[in-house]
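The values are calculated or read from the model by the stated rules, or taken from the named source; none is laboratory data. All of these numbers come straight from a predicted model, not from anything done at the bench. We place every Cβ from the backbone using ideal geometry, glycine too, and count neighbours over all the protein chains shown. SASA here: full protein model, heavy atoms, side chains in, ligands and nucleic acids out. Shrake-Rupley method; radii C 1.70, N 1.55, O 1.52, S 1.80 Å.
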Amino acid sequence: MSSRLRVIYRQLVGSSRQALVFVLCVSLSLTTLTAFSGFARSVRQSLLADARTLHAADIILGSGSPFNPHLQGAVAREAAAGRIESTRIHTFFSVVRTVDADASLLARLKVVEPAYPFYGEVVLLSGRTLAGVLTQGSIVVEQLLLDRLGLAVGDLLQVGFTTLRIVDVVTAEPDRPVNMFAFGPRVFVSHQDLDALGLIEKGSRIRYRLLIKVTDPQELAPLAAHFKTFADPERERVDTYRTARSGVRRFLDNFIFFLKLVGIFILVLAGMGIQSTLGALLREKRQTIAVMKTLGATSRYVQRYFMKLTALMGGIGILLGVAVGLGLQWLLYRLLADFLPPSLHFQWAPSGVLEGIAVGVVVLILFTLLPLHQLRYLRPVMIFRRDQPVHQKRWPAWLSAAALLLFFFGLTAWHMADAEVGLYLVAGVGGVILISASFSQLSLWVLKRLTVRRLAVRQAVRGLFRPGNATRPVMITLTTSLAVIFAIFLIEANLDATFVRSFPADAPNLFFVDIQPDQRDGFARLVDQAVTFYPVIRARVTAVNDEAIDRERQQRTRGDSLARTMNLTYRETLLDTERLISGERLYRSDWQEPQVSVLDEVLEMHPMKVGDRLRFRIQGVPLTARISSIRTRVGENLSPFFYFVFPTDVLGNAPQTVFTALRVPPDAVADLQTRLVTAYPNVSVIDLSTTLRVLARLMQRLSNILRSFTALSIVAGVLILTSAIWATRAQRMTEAVYYKVLGARRRFVLQVFTMENLLIAAMSGILALLMAHLCAGVVCHLVFDIRYQAFALASGGLVLGNALLVVTTGLLASWAILKKKPVTYLREQTDG
Amino acid sequence: MTLLRAQDLTKTYTVDHQIIKVLDGVSLTVATGEFVVITGSSGSGKTTLLTLLSGLDHPTAGEIWIDGREISSASEDALAPLRNRTIGFVFQSFHLVPAMTALENIMFPAELLKRRDAEERARALLATVGLSARADNLPSQLSGGEKQRVALCRAMINQPKLLFADEPTGNLDSKNGQLVLDQLLAMKAAHAVTLVLVTHNPEIAAAADRVVTLSDGRLRHQAAD
């Protein structure tokens, strides 16, 4: 080791505690983003590598209605020419039941031909092939179905209007949606039984797919393009295994989006930690710097010297961050294992590691630039006057803030692949930090001027203004991170309380879909209660004011979109749960052309107003209607609602099914479901309360993962606090010793230090809670449209928990100071 | 020949909106090779005067000339070479860099000048103060007297024309204090260096060519030896 390196190493050892905190801050800034980014990359790579298997085909044609004859003809011609093989798949939900009508269950049916799947394998418990066992009259089911209905392989099952024999149990299928989306066990049915099921009626919710295997891989793109020319862009999709977004990918894309938001948020807070800790470390080195300058070292020399020190610590931090990031990436695989296809395994991408290192270097430079620059303002006279104020220019701080803002905007826009989101995030996090900073400044200003009688509290307040105490950065970091964590908690608690725990007593809990119009009377008699039937006509919106819907753009949005198939209905009156927010009546009597009333939620997908014209395509038939009114839903309710409502004379004769929702006592659900599907096998019953419970469990699991990672941001606050306590160790030690010399007991010193940390915790916790309530209230009101509950007890618990954490951290970091005997300290001081 | 000249030096500080005048119109001239002691009661402004004369701090008003160069308004970085080549410092609290060994501390000013013989010179100086065996020890492993002798070597490594010492024996017992003083005076004599020393110690003052007394920030008395 060279002499200079040795000296730098000794400098590190001399400030080992601050150096450790610095290294931890650097590694924390990278860890989560490296983990999430690496996870996203390897998932994407794996999904792409296994894409053929995940879609079970080269080209996938999909539609919500039977394919148009031209497209079917094109596929048939290519198959006849030997360029492709094709196979049909129908998927839909249906309630299946035991033959003695004892029990029933909503299942996910998949009707397949023997050629399915072209890639991958449907794994059966018996070890046989699907094509080998799935013959006419037989079905293959998931174990869950057997367990729930008390059946075994060999038993019969009523599916739709026919009875089929269970011949095997399926354990894996290549193109199956991930577990979390599966509301019901899988049932494989042979294509030869499709007609016998009797479940395909006009308007039924069936997903049609044509899987295509290309003979010559080179022909993949040209063939896909060829089929696209025959497809109806309004309702038929043509994808290759490379372009198709599977359910897994959609879910992961969305989840990773939120994970990356958390990662960037942690990076910002840990970055503040880097700046604050380096500041504290350099404060510790002020004497050394003053000596160096006294002996003739220029500012540039001193800056370069400490830059090397910073680079060494930063390098260790970056390597540690990347290594821990890889560990977290592995943990993510474990935590999300249920939601990932079985073929997906943890793999680390070297490019991800390089990206992590690159981001780490930029973060290190940007966050250390200011403290290193400020070294030039340290004057050699500090050798005599250690606490002399340092007069700094303001422009470097502003320049540094601007560079950081630009970096975060760029980083967010890059990771989210969306400049708008980047702007919102930077503005959001910047706003929270700004509010936290202003409040911290204000509360400290008030505290400084407060007259406190109690000695311990007075000393604690004075302690907050101890030079180098970093009270403000600690408060800002804690407040910002707590605000986000509290907000996630409160939003989740409100959703849970509204929809799950207190499922409204009068809200319908059973939804019945795909009732045929001629089954209404019989259905009403069977359920034996007043029923409101809602006609459902499936259609697509194709244009607003003659401007075609940009489907690609609509599909990219995270919320609902106009790109999907919509459910239209017709009626003449407003529901009790609705009111008009634009237009005087549901329909205008002075317009002769077709009219439509639109729910206000549609306006979030595309701007529109009363008088605008919407073009629909209803099972191939175009319809243009003028918006007569805009409706909104009143209060929080789980009643059925429709985005588009038409007058009866416009849609009354369109192909339709009927939908209704009923309130049924939970213990009567199973019996009613079984009786109903025995009489009407085509009707699907969805138990909303069960579905919501399942969804809530999943949501809780995912939000627990998010929350756990977000909690890492608190670590930044804890690290800054620890660093600040260590940085002011000498002053604290002097205070503690003087208290003791003047007759105070250790208990008094403990009280002062505890109170000091308690003040920081209370101020940051309370502001964070206020901001979290504001944010959660806005989200619940505007996004979920539910009544907001404050959860006073839980809120108090959050603030208390934070106080406990901060006080404990503070006391642990001050332990050595508390233990120090006055005589030892005074002797050390005299020895100089 | 004048090596150091200070004219009407004033230094004020602002504390809680109150202006405190620490030095008030001090003028002083030091000739080449001279040994000047600045003395005065605690709080009289001795150390402040030393920081101004040595260019460690800027005066609020007045001028300072060192070796023919006006330094009172020079920038920090412009003063760095002057502190490195022309001036040496010895402090009461030693101010050795804790992360550097005795040898590295002494070499540091020479290394800033990129002198190839830095180590050779440092070892030679260590030998003259009898600390060759302590070359690789860190300051924390040295006694107070040893630290001050290392600090003395460090001050002399670039053969400065002017040596400033602030209570160099203040933190030492009488035996070590005497040893350091002897070596300081020996080095002054050997290198013909001009010495400006702040002290309370009348014995040291007695050895000076001239004693300057400060009282309430003003020069009260200049006594020639």
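Just one of the listed residues (A:Thr294, A:Thr288, A:Thr310) is open to solvent by less than 20 Å² (accessible area, probe 1.4 Å), at pLDDT 85 or above and touching a strand residue (DSSP E or B) at 6+ places or on another chain (Cβ under 6 Å), namely A:Thr294.
To keep it simple, each residue is scored yes or no on (1) more than 12 Å from chain A (Cβ to nearest Cβ); (2) part of a helix (DSSP H, G or I); (3) polar (S, T, N, Q).
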residue: B:Gln159; (1), (2), (3): yes, no, yes
residue: B:Lys175; (1), (2), (3): yes, yes, no
residue: B:Gln183; (1), (2), (3): yes, yes, yes
residue: B:Ala190; (1), (2), (3): yes, yes, no
residue: B:Leu197; (1), (2), (3): yes, no, no
residue: B:Leu214; (1), (2), (3): yes, no, no
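On the given criteria, is A:Ala101 closer than 17 Å to A:His55 by Cα, part of a loop (DSSP other than H, G, I, E, B) and either of a type in the set (Lys, Arg) or open to solvent by 30 Å² or more (accessible area, probe 1.4 Å) (or both)? No, not satisfied. Failed condition for A:Arg77, given (1) buried (at least 18 other Cβ atoms within 10 Å of the Cβ); (2) of a type in the set (D, E, K, R); (3) part of a helix (DSSP H, G or I), with all others met? In the conditions (1) buried (at least 18 other Cβ atoms within 10 Å of the Cβ); (2) of a type in the set (D, E, K, R); (3) part of a helix (DSSP H, G or I), A:Arg77 misses (1) alone.
What's the number of the condition A:Arg44 fails, among (1) outside the structural domain of A:Ala224 (by TED's automatic domain parsing); (2) assigned to a strand (DSSP E or B)? Only one criterion in (1) outside the structural domain of A:Ala224 (by TED's automatic domain parsing); (2) assigned to a strand (DSSP E or B) is unmet by A:Arg44, namely (2). For A:Tyr333, which of the numbered conditions (1) more than 14 Å from chain B (Cβ to nearest Cβ); (2) part of a loop (DSSP other than H, G, I, E, B); (3) not β-branched (Val, Ile, Thr) fails to hold? Checking A:Tyr333 against (1) more than 14 Å from chain B (Cβ to nearest Cβ); (2) part of a loop (DSSP other than H, G, I, E, B); (3) not β-branched (Val, Ile, Thr), the one that fails is (2).
Kindly indicate whether any position in segment A:655-673 is touching a Pro at 6+ places or on another chain (Cβ under 6 Å), open to solvent by 50 Å² or more (accessible area, probe 1.4 Å) and in contact (Cβ under 8 Å) with a residue 40 or more places away in the chain. Yes: one or more hits. Taking the conditions exactly as written (charged (D, E, K, R) and open to solvent by less than 60 Å² (accessible area, probe 1.4 Å)), does A:Arg745 satisfy them or not? The answer is no for A:Arg745. Among the residues that make up segment B:24-46, is at least one of them assigned to a helix (DSSP H, G or I), within 13 Å of chain A (Cβ to nearest Cβ) and closer than 26 Å to B:Leu152 by Cβ? Checked against the condition, which is being assigned to a helix (DSSP H, G or I), within 13 Å of chain A (Cβ to nearest Cβ) and closer than 26 Å to B:Leu152 by Cβ, segment B:24-46 yields at least one hit. Which residue pairs have Cβ atoms under 8 Å apart, sit 6 or more places apart or on different chains, and have a first residue in segment A:72-87 that is touching a residue at least 40 places away in the same chain (Cβ under 8 Å) and charged (D, E, K, R) and a second that is open to solvent by less than 40 Å² (accessible area, probe 1.4 Å) and assigned to a strand (DSSP E or B)? Once the first residue is touching a residue at least 40 places away in the same chain (Cβ under 8 Å) and charged (D, E, K, R) and sits in segment A:72-87, its partners that are open to solvent by less than 40 Å² (accessible area, probe 1.4 Å) and assigned to a strand (DSSP E or B) give A:Glu78/A:Ile84; A:Arg83/A:Val214; A:Glu85/A:Ile212.
Of all residues in segment A:336-372, those that are part of a loop (DSSP other than H, G, I, E, B) and surrounded by 19 or more Cβ atoms within 10 Å (Cβ to Cβ) total 4.
Which of the residues that make up segment A:46-59 are open to solvent by less than 20 Å² (accessible area, probe 1.4 Å) and of a type in the set (Val, Ile, Thr)? Correct list: A:Ile59 only. Among the residues of segment A:598-629, what is the count of those that are over 15 Å from A:Ala539 (Cα atoms) and either assigned to a loop (DSSP other than H, G, I, E, B) or of a type outside the set (A, V, I, L, M) (or both)? Looking only at that region, the number is 15. I need the full set of residues from segment A:213-228 which are exposed (fewer than 14 other Cβ atoms within 10 Å of the Cβ) and free of Cβ contacts under 8 Å to residues at least 40 places away in the same chain, in order please. Answer for segment A:213-228, where residues must be exposed (fewer than 14 other Cβ atoms within 10 Å of the Cβ) and free of Cβ contacts under 8 Å to residues at least 40 places away in the same chain: A:Gln218, A:Pro222, A:Ala225.
Going by the structure shown, is A:Phe753 more than 26 Å from the chain's Cα centre (by Cα) and surrounded by fewer than 23 Cβ atoms within 10 Å (Cβ to Cβ)? For A:Phe753, the condition - more than 26 Å from the chain's Cα centre (by Cα) and surrounded by fewer than 23 Cβ atoms within 10 Å (Cβ to Cβ) - is not met. Looking only at residues in segment B:28-46 that are polar (S, T, N, Q) and open to solvent by 40 Å² or more (accessible area, probe 1.4 Å), the one that is nearest to A:Val291 (Cα to Cα) is B:Ser42.
Figure legend. Inter-residue proximity from segment A:813-824: first residues at pLDDT below 75, second residues hydroxyl-bearing (Ser, Thr, Tyr) and surrounded by fewer than 18 Cβ atoms within 10 Å (Cβ to Cβ), beta-carbon distance below 9 Å, spacing 6+ or different chains. Indicated pairs: A:Pro822/A:Tyr738. Return a yes/no flag: does segment A:1-23 have any residue that is away from every other protein chain (no Cβ under 14 Å), more than 30 Å from B:Met107 (Cβ to Cβ) and open to solvent by 10 Å² or more (accessible area, probe 1.4 Å). For segment A:1-23, residues away from every other protein chain (no Cβ under 14 Å), more than 30 Å from B:Met107 (Cβ to Cβ) and open to solvent by 10 Å² or more (accessible area, probe 1.4 Å): absent. Scanning segment A:678-695 for residues that are over 19 Å from A:Ala103 (Cα atoms) and either open to solvent by 50 Å² or more (accessible area, probe 1.4 Å) or under 14 Å from the mean Cα position of the chain (by Cα) (or both) yields A:Arg693, A:Leu695. Residues in segment B:47-77 that are open to solvent by 20 Å² or more (accessible area, probe 1.4 Å) and facing chain A (nearest Cβ under 9 Å) were compared, and the one that is nearest to the chain's Cα centre (by Cα) is B:Thr47.
Total residues in segment B:101-135 satisfying the condition of being open to solvent by less than 20 Å² (accessible area, probe 1.4 Å), within 10 Å of chain A (Cβ to nearest Cβ) and either touching a Cys at 6+ places or on another chain (Cβ under 7 Å) or assigned to a loop (DSSP other than H, G, I, E, B) (or both): the figure is 1. Residues that are more than 8 Å from chain A (Cβ to nearest Cβ) and open to solvent by less than 10 Å² (accessible area, probe 1.4 Å) within segment B:88-100 comprise B:Gly88, B:Val90, listed in sequence order.
Residues are listed down the side, and each one gets a yes or a no for (1) modelled with pLDDT of 85 or more; (2) part of a helix (DSSP H, G or I):
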residue	(1), (2)
A:Ser443	yes, yes
A:Lys448	yes, yes
A:Thr479	yes, yes
A:Phe489	no, yes
A:Ala493	no, yes
A:Asp521	yes, yes
A:Leu526	yes, yes
A:Ala530	no, no
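All of (1) touching an Asp or Glu at 6+ places or on another chain (Cβ under 9 Å); (2) in the same structural domain as A:Glu572 (by TED's automatic domain parsing) hold for A:Val650 with one exception: (1).
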